[in-house]
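Let me give you the structure first, and then I'll get to my questions.
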Amino acid sequence: MPAQRMEQVPFSGIREVFEMCDRLEAAGEDVIHLEIGRPDFDTPEPIKQAAVEALDDGAVHYTSNYGIAPLREAVAAKFRADNGLDYDPDGEVVVTAGVTEAVFAAVLAFAGPGDEVLVPDPAWTYHASVRIAGAEPVAYDLDPATGFQPDLDSLAAGVSDRTTLLIVNSPNNPTGGVLDAETAAAIRDFAVEHDLLVLSDEIYEKIIYEGTHHSLAALDGMYDRTITANGCSKAYSMTGWRLGYLGAPAHLIDSLLRIRQYTTLCAPTLSQHAAVRAVGSDLHEPMVEAFAARRERVLERLADVPGMDAPTPGGALYAFPTLPAGVDDGWPFVRSLLEDTGVALVPGSVFGAVGEGRVRIAYSNSIDRIDEAFDRLEAWLDDR
Ligand code: PLP
């Protein structure tokens, strides 16, 4: 029998879409993947080369629980240069197996039975980590009317004396929203007032088109209470390498490190050596340029589909529009569109209640395929 808490841990809602895609492709259908939240590029050659060299040098053993020194130094230098954050590479930086592990370690270390964790709605899968930790996720809304900024009233309504942790994600999956300076300052005030720890998931930091990235830890009074998570998956198209990292003040690192000592021990050694070449480099730039052009095309094409309105996404790889006119339920729409045309999207409800009535479009595909997907969608809507 599964442990009782597993009753609270749902399968990812995107799984059903993946399974349908697999089935259709096995039957020879041409599926256009706009459901996958990952860059479609190969990892840049110099990064792959660094891994090859490390393998030839015999980098096949465990590393320190913190990660290899050159990578911790590269990460600390990146935090300093990009975010104005002064984490000590010896004791305030931990290399993780993806941001997934950084999130999981932070939640397990700082939330348990009886605790509540504020998670954005819509959001990536934070609620599941919170459930696995035995704590209670409490959603706060991201408001479409403000380009999906965190809604401060909703935050205030969600906090209680049981809240231990606030999770913030900017640029955001699934909305593409980028936290603005005013809202970042309000979140700082809120976290300080309620004496909360903050987990800031900044994995899409480098994929930003409009606005400026704000690292919450850099704001007054935040360094001591914030864990900053970031990684190589999205910026350097390294999802399979499983390489993330976090920065946190020494007094928080102890607990994070103890979780890590009993789970993954260290991030994959070859990936750590490869990441030394990636972190702080400009190797992401050509990919971000390609994403910018794709985003433009998605927005142009959305403008021609009645009902599909999205705030202009300032970052990440996603648009999060409302459903086409005359369509009022996300799952039946996504299923039928996929069955009938091979165009794969994700229903917004998968990401939380605020996502009801929306779909996520991931532009991790070429402009030609994006055009083809919209041609099929428009023809399908016309035929209904
Ligand atoms: N955080 C967000 C907001 C994401 O969208 C994702 C992946 O989609 C992750 C974290 C996981 O990243 P990683 O591959 O570094 O584990």
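The values are calculated or read from the model by the stated rules, or taken from the named source; none is laboratory data. Model, not experiment: these values are computed from the prediction. Quick reminder, even Gly has a Cβ in these numbers, built from the backbone with ideal geometry, and neighbours come from all protein chains shown. Protein only, heavy atoms only, side chains kept; ligands, DNA and RNA dropped before computing areas. Shrake-Rupley method; radii C 1.70, N 1.55, O 1.52, S 1.80 Å.
Cα atoms only, the chain: Rg and Dmax in Å?
Rg then Dmax for the chain, in Å: 20.6, 62.
Quote the FRET efficiency, to the nearest 0.05, computed for Asp383 versus Thr312 with a Förster distance R0 of 41 Å and r equal to the Cβ-Cβ distance.
0.90
Only Cα pairs under 8 Å and at least 6 apart count here; give the relative contact order of the chain as a rounded whole percent.
RCO, the chain: 24 percent.
Here's a follow-up. Helix 330-341 versus the longest principal axis of the chain: what is the Cα-based angle in degrees, 0 to 90, to the nearest 10?
60 degrees
With each run of n ≥ 4 DSSP H residues scored as -39500 (n - 2.57), what mean residue ellipticity at 222 nm is computed for the chain after dividing by its residue count and rounding to the nearest 500 deg cm²/dmol?
-12500 deg cm²/dmol
Once you put a point 7 Å from the Cα of Tyr62 and another 7 Å from the Cα of Phe18, both along the Cβ direction, what distance in nm separates them?
Spacing of the two 7 Å Cα→Cβ label points: 2.9 nm.
Cα centroids of the stretch 194-248 and the stretch 331-384: how far apart, whole angstrom?
29 Å
In square angstrom, rounded to the nearest 10, how much accessible surface does Trp380 have for a 1.4 Å probe?
Estimated to the nearest 10 Å², Trp380 gives 40 Å².
Sort Glu193, Glu339, Glu101, Glu45 by heavy-atom solvent-accessible area, probe 1.4 angstrom, most to least.
Glu193, Glu45, Glu339, Glu101
Any idea of Tyr66's accessible area? Nearest 10 Å², probe 1.4 Å.
Surface open to solvent at Tyr66 totals about 70 Å².
Still on this structure, I have one more. Running a GNM on the chain with Cα contacts under 10 Å, which residue among Asn172, Asn83, Asn365 ends up with the highest mean-square fluctuation?
Maximum among the listed residues: Asn83.
Leaving ligands, DNA and RNA out of it, work out the accessible area of His213 with a 1.4 Å probe and give it in Å² to the nearest 10.
Ignoring ligands and nucleic acids, His213 comes out at about 40 Å².
With Cβ to Cβ distances under 13 Å as the rule, what net charge do the other residues near Asp189 carry (K, R +1; D, E -1)? It would help to have the intermediate numbers written out before the result.
Numbers: positive: Arg188, Arg225; negative: Glu182, Glu193, Asp195, Asp220.
For residues surrounding Asp189, the net value is -2.
Name the trypsin sites (Lys or Arg not before Pro) in the stretch 73-175 that are in a loop by DSSP and that have at most 14 other C-beta atoms within 10 Å, would you?
Values: sites: Lys78, Arg80, Arg131, Arg162; in loops: Arg162.
Hits after loop and neighbour filter: Arg162.
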